[in-house]
1. Mind checking which residues of the range A:76-109 are in a helix (DSSP H, G or I), more than 7 Å from chain C (Cβ to nearest Cβ) and in contact with a helix residue (DSSP H, G or I) (Cβ under 9 Å, 6 or more places away or on another chain)?
2. If you go through the range B:131-146, how many residues are within 11 Å of chain C (Cβ to nearest Cβ) and modelled with pLDDT under 90?
3. In the range B:215-227, is there at least one residue being in a strand (DSSP E or B), crowded, with 20+ Cβ neighbours inside 10 Å and in contact (Cβ under 8 Å) with a residue 12 or more places away in the chain?
4. So residue C:232 clears everything in (1) over 18 Å from residue C:84 (Cβ atoms); (2) within 14 Å of chain A (Cβ to nearest Cβ); (3) in a helix (DSSP H, G or I); (4) at pLDDT below 95 except one condition, right? Which one?
5. Is it the case, given these coordinates, that residue C:140 is out of contact with any strand residue (DSSP E or B) (no Cβ under 7 Å at 6 or more places or on another chain), assigned to a helix (DSSP H, G or I) and surrounded by fewer than 19 Cβ atoms within 10 Å (Cβ to Cβ)?
6. May I ask you to say which residue of C:212, C:158 is away from chain B (no Cβ under 14 Å), without any contact (Cβ under 8 Å) to a residue 12 or more places away in the chain, on the phi < 0 side of the Ramachandran plot and exposed (fewer than 15 other Cβ atoms within 10 Å of the Cβ)?
7. Of the conditions (1) under 30 Å from residue A:230 (Cα atoms); (2) surrounded by fewer than 17 Cβ atoms within 10 Å (Cβ to Cβ), residue A:61 satisfies every one except a single condition; which number is it?
8. Keeping to the range B:233-269, report how many residues are under 25 Å from the mean Cα position of the chain (by Cα) and part of a helix (DSSP H, G or I).
């Protein structure tokens, strides 16, 4: 559904990373791992068509990204940025309705159908009761979920989520991750970036590790979220251990 | 043509022509070349600005509706009743609005008189007000040189032709006198003059500005050249004034006149050192300026007497009495004359 | 796919209904304000005379005379102009605040008032006829924003908003310097008072022909803002998010700037510089209907129109002389603004 071939990303003439190949299909989760400044956000923006690639190409549903209109792109991919406090005190419903923009006529405002979809998206994420709450006054995790709801309301089959659990407390973090798992089960495609290798190991179908200006690793979680690779990429000394329940965690070597 | 357009045209026509009290109408041409339809008899005149208030006061004080700015008690002493007790009506649109057009209509004047610039802005303003309110609006040229012609025109318009002619003759004579005296005075003896405005005396008028044109008319050489385009108010520095070294300083500000000798640095100016700083009389209106209107005619004689005391042969007291009686209708007694001219003594 | 939802829970019309009620209420208040303004003025007219005169005109039996002249040549054109200028300034303010994602922005941010002011005072200096003064003001206002926009695009920065604001400040400052220069060169007796008064804002010389020019221009500018109301609101999320949501950001931004500049330049050219409406009225509108642009736009336009009609009524009746509108709006607007700030950031909702 979404693919990149030989992609070089960057801006203002500066290349941040090069030679990136990746794909995401429906029902798959692609996780981007990498140190700060490696280019995860730049990659997202390039995949979303917000900044042009320096080299290589991005394809969306087999078509080159450049050949799609802004509207077609928005119908194919939904962006979930990191939740922030906004200048205007929109309600949760207002925000989610904005996800319906691409489906509105040029001179229309959201109608009954759009409201239905918005409420359905909120219900799906278990925050239906927040619809009339001010988005700036709910918790960070709930706000992040609103943005996920907005992406759902957009009715795009692929969600691109930029560090969706950054600065969230444990409870909210687990909430968001659980929803991502649910989305995967519902046959959405998801791309998300994280600093937490455990999340990658847990949720991802494919993991892409970006470091040092290139794709340091790409493949299944068990092949990429490994002690040696992580140690090399982050410049630390870590191992991946298996827990009793069969899951894996990353920890410093003792 | 549909009903509302017909109604609109009827209104326009009616507004311009059908004045209830008109027996007959006449058409005059004002200084801007506009043809204006007026009633035969003018009983109520509205003045658009300060120069016009002077004009109408001298020609037809009984027809004035009000003053642009209420005269102070000191000024009223030099004006006659009942005109001096008229209320304030404010300035008209476009000249620093203070007056609403509705008030103009409420005042029910026969005519609005404007005395001053006849540039396009004021022509279009006059047309606008006339169209909107249906009140005839005449523009009279206020440049100093045009004073006699303007007096005659205004006199005809206001139905005071004889009086207009009388005042215009006086103006003609005054100008002739000025020219004659100028001819007698060799160029070398014409004083270099600086006009000091404001309490610090640093505001002046450049050559050709409306504030100083009367000074230049009598042959004074305005030291303040090149201060701004066509000659306007500008600010000078004391250093500049010393560099110019005017022979004479004329000021409108009493405070400046009192204090100039004690202001640091001014003693370096020749005019100050030689006690040639003159305060222009200003009651009821300034003799040099403020407003730039007919009041300047007596200023001409005063300047002649001040600049050329020997060549001009002017009896200032007699001339002042005559002017005030003729133009303002005021008989000055000795005490008033002294008060008027006394302040004008050299310092 | 998300589960379907019980339709009875969905009440899109409820929220929309509340907004409609508020906007309907504002419309009624506006009409009352207009009626009040038509009744009040220095020329004494009883309400009966006013209504009778209007009725006569409506049925086509207008009766010429001072009542008709005062009402239809002087007072009502002025009220109409106040409506249009107030609506234009408030709508432009709301649009720019959304566009620049900053509730503290006024329509002058891109320099349109300074530019229009420069053109108009230049026209006064050159002794042009009144319509030319207004026209020149309009043209220079539009050109100023054009220069700002072109400058911002040429600088090709990632943060287009910031560059726009900075360019607006710079060009606006230049225009302001130009105004000061004109003031120095102006004839102190006639031109300078006219310039000063113009810069303070006034509707005192408005006539029917002015309204006939201003009305279509203001409507022409308001229509695109109304049509694109939803997408303009989405712009307030930021360029990246708006693009990802399917909005053609550059195009919508261009429409907002062009339309808002058109209506502001039109307003300023005919009324002079009237501040605070574009800044404060959108805030008050947000207090009533929430921050969504598709609701703020009509609410702000109605409130701005009503507000200026009332202010103008005060300006021409409170004292014997005309009080400049800019003074009155500042007297009212500044304290209200401080109050809004004091109530905290949440009041920017």
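1. Scanning the range A:76-109 gives A:92, A:93, A:95, A:96, A:97, A:103.
2. Of the residues in the range B:131-146, 5 are within 11 Å of chain C (Cβ to nearest Cβ) and modelled with pLDDT under 90.
3. Our first condition is that a residue be in a strand (DSSP E or B); within the range B:215-227, this holds for B:221-222.
In the following step, the residues that additionally are crowded, with 20+ Cβ neighbours inside 10 Å were identified as B:222.
If we keep only those that are in contact (Cβ under 8 Å) with a residue 12 or more places away in the chain as well, we get B:222.
Checked the range B:215-227: at least one residue is in a strand (DSSP E or B), crowded, with 20+ Cβ neighbours inside 10 Å and in contact (Cβ under 8 Å) with a residue 12 or more places away in the chain.
4. Among (1) over 18 Å from residue C:84 (Cβ atoms); (2) within 14 Å of chain A (Cβ to nearest Cβ); (3) in a helix (DSSP H, G or I); (4) at pLDDT below 95, the lone unmet condition for residue C:232 is (4).
5. no
6. Within the list C:212, C:158, the selection yields C:158.
7. Of the numbered conditions (1) under 30 Å from residue A:230 (Cα atoms); (2) surrounded by fewer than 17 Cβ atoms within 10 Å (Cβ to Cβ), the odd one out for residue A:61 is (1).
8. If we filter the range B:233-269 for residues that are under 25 Å from the mean Cα position of the chain (by Cα), which is where we start, we get B:233-236, B:248-257.
So of that shortlist, the ones also part of a helix (DSSP H, G or I) come out as B:254-257.
Matching residues across the range B:233-269 total 4.
The values are calculated or read from the model by the stated rules, or taken from the named source; none is laboratory data. Quantities reported herein were computed from a predicted structural model and do not represent experimental measurements. Here Cβ is always computed from backbone atoms with ideal geometry, including for glycine, and neighbour counts include all displayed protein chains.
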